[in-house]
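What follows is a single structure, written as structure tokens, with notes after it.
The values are calculated or read from the model by the stated rules, or taken from the named source; none is laboratory data. Source: prediction; values computed, not measured. Cβ coordinates were reconstructed from backbone atoms using ideal geometry, including for glycine residues, and neighbour counts include every protein chain displayed.
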Amino acid sequence: MIVTVTPNPALDVTYHVDRLRPGVEHRVRSVCERPGGKGVNVARVLASLGIETVATGLVYGEAGVAVQLAVRATDVREAFLHVDRSGAASRRTVVAVDDRGTATSLLEPGPAADPADADALLAHLATLLAAADVLVVSGRHPPGLPAAPASAAASSAGPPASTTAVAPAAFARRVARAARSSGRPGGRLP
């Protein structure tokens, strides 16, 4: 099993419009929402290749619940840790796409994690890593969530860890090839 950590997950919202022009009111033709963040994207690609994958990270507020529900609607096992803190909300990314295929993105920063959030995530991660073959930490870390402890948790728990800045699909293909060539049932990595 591969555990992916998305340090700053998002609810990705895509609006389809006729033509995007600054300073003008637009009618949205259709809306698509899906879970996002680099680690979530890696998990979705791995799951589409038939590899058992668990996605985790910290989510906050109603947007965080929407991320959890959206992940549950995929083939990825959802194991996000929901933090209930007044005023904190997981980020959204909003993309407007017009008929010409031109996309304009608005990326929210997401909430700052406090030390208690980081400690809770590391404890949660230690539990998940007991059954993991590989840990992937992918994406930007929000303020207050240090990058190093996730890799430290992995090395103490045993599975190989990867922190990646590689495009999620390319990285997922590399992991999938390694899993398939392992010869283990279900493509599990040794």
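When you go through 39, 23 one by one, which is the residue that is among the small types (Gly, Ala, Ser), surrounded by 13 or more Cβ atoms within 10 Å (Cβ to Cβ) and out of contact with any Pro (no Cβ under 6 Å at 6 or more places or on another chain)? Write out each step before concluding.
Values: 23 fails: surrounded by 13 or more Cβ atoms within 10 Å (Cβ to Cβ).
The conditions single out 39.
Matching residues to (1) touching a Leu at 6+ places or on another chain (Cβ under 7 Å); (2) without any contact (Cβ under 8 Å) to a residue 12 or more places away in the chain; (3) under 20 Å from residue 107 (Cβ atoms):
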site: 34; (1), (2), (3): no, no, yes
site: 37; (1), (2), (3): no, no, yes
site: 47; (1), (2), (3): no, no, no
site: 72; (1), (2), (3): no, yes, no
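Within the range 117-131, the presence of at least one residue that is touching a residue at least 12 places away in the same chain (Cβ under 8 Å), assigned to a loop (DSSP other than H, G, I, E, B) and not β-branched (Val, Ile, Thr) is confirmed.
Inside the range 33-49, can you point out the residues that are part of a strand (DSSP E or B) and either among the charged types (D, E, K, R) or out of contact with any Asp or Glu (no Cβ under 6 Å at 6 or more places or on another chain) (or both)?
Hits for the range 33-49 are 33, 34, 35.
I'd like to know if the range 80-89 contains one or more residues that are within 19 Å of residue 111 (Cβ to Cβ), hydrophobic (A, V, I, L, M, F, W, C), touching a residue at least 60 places away in the same chain (Cβ under 8 Å) and outside any strand (DSSP E or B). Within the range 80-89 (the criterion being within 19 Å of residue 111 (Cβ to Cβ), hydrophobic (A, V, I, L, M, F, W, C), touching a residue at least 60 places away in the same chain (Cβ under 8 Å) and outside any strand (DSSP E or B)), the answer is yes, since at least one residue qualifies.
Of all residues in the range 16-32, those that are touching a Ser or Thr at 6+ places or on another chain (Cβ under 8 Å) and either outside any loop (DSSP other than H, G, I, E, B) or not hydrophobic (A, V, I, L, M, F, W, C) (or both) total 3.
Listed residues 103, 130, 147, 123; which is modelled with pLDDT of 55 or more, within 16 Å of the chain's Cα centre (by Cα) and farther than 17 Å from residue 40 by Cβ?
Values: 103 fails: within 16 Å of the chain's Cα centre (by Cα); 130 fails: within 16 Å of the chain's Cα centre (by Cα); 123 fails: within 16 Å of the chain's Cα centre (by Cα).
So the residue among 103, 130, 147, 123 that is modelled with pLDDT of 55 or more, within 16 Å of the chain's Cα centre (by Cα) and farther than 17 Å from residue 40 by Cβ is 147.
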